[in-house]
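Have a look at the structure below, then the notes.
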Amino acid sequence: MTVTVDAQAHQPPTDLVEPRSLTEASEIERWAAEIRRLARDRDAVVLAHNYQRPEIQDVADHTGDSLALSRIAAAADASTIVFCGVHFMAETAKILAPEKTVLIPDARAGCSLADSITADELRAWKAEHPGAVVVSYVNTTAAVKAETDVCCTSSNAVDVVASVPADREVLFLPDQFLGAHVRRETGRENLHVWAGECHVHAGINGAELTARAEADPDADLFVHPECGCATSALYLAGEGAVPREQVHILSTGGMLDAAKNTTKRSVLVATEVGMLHQLQRANPAVDFRPVNERAACGYMKTITPGSLTRALREGRDEVHVDAATAEKARASVQRMIEIGRPGGGE
Ligand code: SF4
């Protein structure tokens with residue numbers, strides 16, 4: 001089955017995104033104190049994904065990538081998890097911590113990549129390939145995870161696919177760029193890749209990457225494998241345009257580790273621009289620059305200081321996953337954690 005995804009159709013409506021963030025230091029300080037008080041009163045822990053607005057990242061108890069945050073949610077003492085990220089991430093936290101109340105500050109925070117395949121479409125694809133093993137990236141809904149044999153992150157996708165016996169077909173979804181990366185690394189012919197994509201990462205292209213790399217030939221390149229430019233980065237390295245050791249294909253968690261250890265003065269970063277805040281904090285001496293400064297996820301930015309305040313005051317929006325779906329989805333997530341080094345997903 002071939003599916004064409006219209007990236008434009010998956011852009012969040014512009015009226016979802018509240019343009020104004022807090023700007024004055026005193027205003028941010030007052031708001032942050034109020035958030036901490038409300039979280040204490042509600043017995044809540046606040047988690048923020050690396051792509052959130054800077055003030056949300058700074059006020060959170062923990063900032064990180066999707067899987068790392070879900071694991072923190074499961075281990076937390078707090079009875080309520082406030083997940084500042086997109087909906088599938090909050091669902092994953094609920095799958096791993098079913099006894100806790102999970103809130104997302106704005107339930108409209110979706111994900112174009114997770115939306116690129118539904119559970120019905122996956123069932124139809126499976127029917128075309130009976131006996132195939134389904135490997136899904138963590139950017140999927142709970143319903144799709146429930147139809148999945150093993151989930152994977154960008155850090156362990158190659159290990160997960162390599163763990164499937166060579167004579168079994170593999171259905172890999174939903175990201176075509178990560179799928180291409182896995183096919184290249186495993187050399188596997190019987191790997192079928194769903195043609196999904198994230199509109200933000202697909203918009204970071206090879207031409208921009210080439211221009212930036214040529215302008216700053218000594219810079220390291222940090223590239224998320226969901227990027228349209230991941231292939232270009234490897235091609236540039238193969239051609240000798242950029243030394244192979246300067247190209248790092250990394251999950252967002254892997255980028256943070258690499259940021260702390262880099263010896264370079266500048267690093268070009270190919271992923272959502274919210275990541276730069278964490279990287280700069282991890283190593284202030286390095287100049288981290290985006291390959292595409294317009295690569296901002298509108299869904300992530302639906303979470304605002306105002307919506308986080310409302311979530312804590314009013315206890316909304318609560319995330320529910322029905323028990324049967326959660327149980328099946330949990331099994332595919334647990335298998336992922338057992339294979340290779342899963343890292344943290346997006
Ligand atoms: S940046 Fe991440 S959360 Fe936003 S649409 Fe892309 S994959 Fe989904």
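So the values come out like this:
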| item | result |
| --- | --- |
| Placed amide H near residue 270: partners under 5 Å, 5+ positions off or other chain | 222, 223, 224, 291 |
| Two-site FRET efficiency, residue 309 against residue 120, from Cβ-Cβ distance with R₀ of 51 Å, rounded to 0.05 | 0.85 |
| Interchain or long-range residues, amide H under 5 Å from residue 155's placed H | 344, 345 |
| Distant-in-sequence amide H partners of residue 134 (H built 1.01 Å from N, under 5 Å) | 149, 150, 171 |
| Rounded FRET efficiency, nearest 0.05, which uses the C-beta distance separating residue 257 from residue 162 and R0 of 30 Å | 0.85 |
| All-pairs Cα distance distribution in the range 166-318, expressed in whole percent, bin size 10 Å | 11, 34, 31, 17, 7, 1 |
| Order of 62, 201 - criterion: other Cβ atoms within 10 Å of each residue's Cβ, fewest first | 62, 201 |
| Whole-Hz ³J(HN,Hα) from phi, Karplus 6.51 cos²θ - 1.76 cosθ + 1.60, for the range 284-298, glycine and proline x | x, 6, 9, 8, 8, 10, x, 5, 9, 6, 8, 7, 10, 8, x |
| Phi to ³J(HN,Hα) by Karplus 6.51 cos²θ - 1.76 cosθ + 1.60 over the range 31-44, Hz, x for Gly, Pro | 5, 5, 5, 5, 5, 5, 5, 4, 5, 4, 4, 8, 6, 10 |
| Where labels lie 7 Å past Cα in the beta-carbon direction, separation of residue 77 and residue 99 in nm | 1.5 |
| Theoretical gain in end-to-end length, residue 265 to residue 207 [0.36 nm per residue, Cα-Cα removed] | 18.6 nm |
| Sequence ranges 172-185, 287-300, 316-329, ranked by mean other-Cβ count within 10 angstrom, highest first | 172-185, 287-300, 316-329 |
| Structure-based [θ]222 nm, the chain - -39500 (n - 2.57) summed over DSSP H runs of at least 4, per residue, nearest 500 | -12000 deg cm²/dmol |
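FYI, it's all coordinate maths here, none of it is from the lab. Every value quoted in this text rests on a predicted model; they were computed, and no experiment measured them. All Cβ positions, glycine included, derive from the backbone under ideal geometry; neighbour counts span all protein chains shown.
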